[in-house]
1. Over the chain, give the accessible area per residue in Å² for a 1.4 Å probe, as an integer.
2. Gain in length, Lys416 to Leu92, computed as 0.36 nm per residue apart minus the alpha-carbon separation, to one decimal in nm?
3. Label Thr59 and Asp237 with points 7 Å out from Cα along Cα→Cβ: what is the distance between them in nm?
4. If you roll a 1.4 angstrom probe over the protein chains with everything in place, what fraction of the accessible area of the chain belongs to carbon and sulfur, to the nearest %?
5. Report the longest stretch of the chain that contains none of the chymotrypsin sites (Phe, Trp or Tyr not before Pro) sitting in a DSSP loop with at most 16 other Cβ atoms within 10 Å.
6. Bin width 10 Å, alpha-carbon pairs only: give the P(r) of region 328-416 as whole percents, running from 0 to the bin holding the largest distance.
7. Each label point is 7 Å from the Cα along the Cα-to-Cβ direction; what then is the distance between the points at Ser69 and Val41, in nm?
8. Which value at 222 nm does the chain reach when only helices count, each DSSP H run of 4 or more adding -39,500 (n - 2.57), with the total divided by all residues and rounded to the nearest 500 deg cm²/dmol?
Amino acid sequence: MQKVKGTYDVLPSESYKWLFLEKHIHQVMKKHQIDYVRTPVFEYFDVFHRQSEASDMVTKETYDFEDRSGRKITLRPEGTAGVIRSIIENKLITPNHVLKTYYLGANYRYERPQKGRYREFYQTGVEVIGDKHAVLDAEVIQIAYEIVSTLGIKDVVVKINHLGDAETRLNFKNALKAFLEPLKDQLSEDSKMRLESNPLRILDSKVPSDQALLKGAPVLYDFLTASDQKYFTLVTDILKQYHIPYIVDEKLVRGLDYYAHVVFELQANIDGFGSQNALGGGGRYDDLVAELGGPPLSGIGFALGLERLLLAAELQGITFKDDAPQYVAVLHMDSESKIEAYHIYKRLLDDGIDVSFDFSNKAFKTQLKHAISNNHTFAIIVGKDEIDTNTVQIKHLLTQTQEVVSMDDILTYLKKQ
Ligand code: AMP
């Protein structure tokens with residue numbers, strides 16, 4: 001049997017990094033008083049397949065199926081829609097209240113697997129509903145950046161753009177279309193199709209000849225209303241004040257159609273990262289809450305890819321290793337002493353001691369070597385002689401000194417150290 005294409009196992013040699021990363025994320029969210037929500041991995045098809053959403057992710061990459069009762073189901077390709085569905089269904093939106101939530105979980109997209117891109121992958125994300133103010137946009141961007149920077153990851157820059165409202169985008173789309181139409185034959189196949197379906201996506205085409213054709217194309221910023229331009233300046237001013245490295249990228253459009261106004265992406269400029277160098281991204285959505293049946297409130301959010309955060313950390317030599325010494329190893333001299341040694345181990349566990357037990361049938365010397373190489377401070381040694389005299393030997397593995405201690409006094413002895 002093999003795992004499904006585009007998936008991976010997290011094995012013990014890697015899993016500690018995942019635990020570290022997840023704990024780190026929960027800590028940052030707690031600090032900012034953002035509440036954790038967990039929604040189902042699958043939702044009704046319509047939660048993601050909304051009329052306004054024509055992005056590739058939703059139209060070409062979702063895992064859709066019927067359950068045994070014929071319900072149309074979709075594995076979530078992203079976190080936002082499910083979280084918003086839940087917030088509305090559970091009536092968490094109240095007037096004059098800014099709701100701050102976050103999630104962490106697996107998503108599923110039928111994409112072409114490559115380095116940093118999988119069919120099952122993990123994201124953490126924040127969704128903030130209830131107000132539209134430049135302070136909130138700047139705050140959400142800073143939280144995304146903080147998660148990355150406080151992990152120790154460097155060389156990350158925030159790319160930011162303003163997509164305007166629906167009317168602005170329509171005007172801009174038409175202007176862009178009119179500009180590219182005479183050049184249509186020279187566009188890549190993908191971009192040719194996008195000229196009809198979503199010309200904005202041509203802006204972030206990775207094909208160099210497409211990019212060359214875009215020289216002199218209309219610029220979105222020029223189409224923004226004066227108040228949108230002001231809003232954008234306010235956001236970038238706050239980012240500057242709080243020393244967030246950012247660049248305005250007029251070609252940043254993002255993959256989902258629900259985004260409007262401020263959008264951003266965290267880009268890793270790290271050697272060896274490959275072409276998938278976005279650690280995450282997000283932006284403001286004006287219509288999504290209403291579209292999913294809620295009040296007409298604007299929201300803003302982001303999602304960070306956990307695999308990419310781990311890759312960035314690895315490339316920069318961040319180990320996530322917990323080097324704290326393990327305290328006590330209980331070792332048995334021979335198989336007859338194993339049961340008594342086991343009972344001592346269980347007692348110490350109950351007493352809250354950081355203790356391990358070697359369940360294998362390794363020779364005593366090998367157990368000892370293991371305890372040393374695994375960074376233990378003490379070894380408690382149990383053999384026939386010790387059992388007969390109701391004692392144990394306690395060896396200090398750093399100083400190599402050894403003492404005989406009564407079985408009843410082990411805890412007192414350890415606590416005195
Ligand atoms: P998106 O939901 O497409 O805006 O993606 C947000 C972030 O999730 C990206 O910047 C990546 O870090 C991560 N991501 C998206 N798709 C994948 C994937 N197929 N495999 C791994 N990470 C992904």
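The values are calculated or read from the model by the stated rules, or taken from the named source; none is laboratory data. Computed from a predicted structure; not experimentally measured. Neighbour counts are summed over all protein chains in view; Cβ atoms, including those assigned to glycine, are modelled from backbone coordinates with ideal geometry. To get the accessible areas, we keep the full protein, side chains included, count just its heavy atoms, and leave off ligands, DNA and RNA. Shrake-Rupley method; radii C 1.70, N 1.55, O 1.52, S 1.80 Å.
1. On the way: 21510 Å² over 417 residues.
Roughly 52 Å² per residue, with all protein chains present.
2. On the way: separation 324, 0.36 × 324 = 116.64 nm, distance 5.15 nm.
Roughly 111.5 nm would be gained on extension.
3. Distance between label points: 4.0 nm.
4. Working: 11120 of 21510 Å².
The nonpolar share, carbon plus sulfur, comes to 52 percent.
5. The longest such stretch corresponds to 111-241.
6. Answer for region 328-416: a P(r) of 18, 58, 24, 0 percent.
7. 2.1
8. Working: 15 runs with 150 residues, N = 417.
Mean residue ellipticity at 222 nm (helix-derived): -10500 deg cm²/dmol.
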